[in-house]
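Heads up: the structure comes next, in structure tokens.
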Amino acid sequence: MSKLSCCVEAAHHFLLSHNDANQLIARQRGIIEDNWSQLLQLEDYDLF
């Protein structure tokens, strides 16, 4: 089972439906995909 599918399966613990969880995941993926190239261009950004 993927980590994202585990999140969807646990959604009810956070009062979310499977559909709501899937929509949140899709939104976050879209944000990441839309901004990925900009993130790669940050030379001095320390993630950790």
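The values are calculated or read from the model by the stated rules, or taken from the named source; none is laboratory data. No experiment lies behind these values; they were computed from the predicted model shown. Counting neighbours? That spans all protein chains shown, and the Cβs are built from the backbone with ideal geometry, glycine included.
Pick from the range 1-45 the residues that are modelled with pLDDT under 95 and not in a helix (DSSP H, G or I): which of them is nearest to the chain's Cα centre (by Cα)? In this case the residue turns out to be 2. Taking first residues from the range 15-35 that are surrounded by fewer than 13 Cβ atoms within 10 Å (Cβ to Cβ) and partners that are assigned to a helix (DSSP H, G or I) and not aliphatic (A, V, I, L, M), the Cβ contacts under 9 Å between residues at least 6 apart in sequence or on separate chains come to 18/9; 18/12.
Here residue 48 passes the criteria (1) of a type outside the set (Lys, Arg); (2) surrounded by 11 or more Cβ atoms within 10 Å (Cβ to Cβ); (3) at pLDDT below 85 except the one numbered (2).
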